[in-house]
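Please treat every number below as a calculation from the coordinates, not as lab data. Model, not experiment: these values are computed from the prediction.
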């Protein structure tokens, strides 16, 4: 499956994002759902941001973006925000 490699407190780790969503525009949204935030989740997001920037700079794997939903009620807004902006 799809995994992001990251380093947390000197240890190489990997995680699988909660959702990979292909939007109608063709852009792929990596969506994390988190009720609470902590240092390890912040580290994961820094590595995810770096990965998304690198894959978009490469240009051969489509357009990618990422976001975090901290409340199930905001999923629709998150999806709408990324569906509307091709450069997000």
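Stokes-Einstein D for the chain at 10 °C, 1.306 mPa s, Kirkwood Rh over Cα pairs, in µm²/s? Show your work: numbers first, answer last.
Working: Rh = 13.7 Å.
Calculated translational D: 116 µm²/s.
Which whole-number percentage describes the relative contact order of the range 19-88, with Cα contacts under 8 Å and a sequence gap of 6 or more? Don't jump to the answer; show the numbers that get you there.
Working: 76 pairs, mean separation 26.9, N = 70.
In percent, rounded to a whole number, it is 38.
Counting only DSSP beta bridges with both residues in the chain, tell me the antiparallel percent, nearest 5. Before the final figure, lay out each step's value.
Working: 9 of 15 bridges.
Among the beta bridges of the chain, antiparallel pairing accounts for roughly 60 percent.
Let me make sure I get this right: for the range 3-53, a, b and c are the square roots of the gyration tensor eigenvalues over alpha carbons, sorted descending. Under 1.5 in a/c it's rounded, otherwise prolate if a/b > b/c, else oblate. Which is it? Before the final figure, lay out the partial values.
Values: a/c = 2.51, a/b = 1.71, b/c = 1.47.
Judged from the Cα gyration tensor, the range 3-53 comes out prolate (a/c at least 1.5, a/b above b/c).
So for the range 1-48, averaging the separation of alpha carbon pairs under 8 Å that are six or more residues apart and normalising by length, what relative contact order in percent results? Intermediate results must be reported in sequence, preceding the final value.
On the way: 50 pairs, mean separation 15.6, N = 48.
Once divided by the residue count of the range 1-48, the mean separation gives 33 percent.
Given only helices, namely DSSP H runs of n ≥ 4 each adding -39500 (n - 2.57), what is the per-residue ellipticity at 222 nm of the chain, to the nearest 500 deg cm²/dmol? All intermediate terms of the calculation are to be shown ahead of the outcome.
Working: 2 runs with 30 residues, N = 88.
The per-residue figure over the chain is -11000 deg cm²/dmol.
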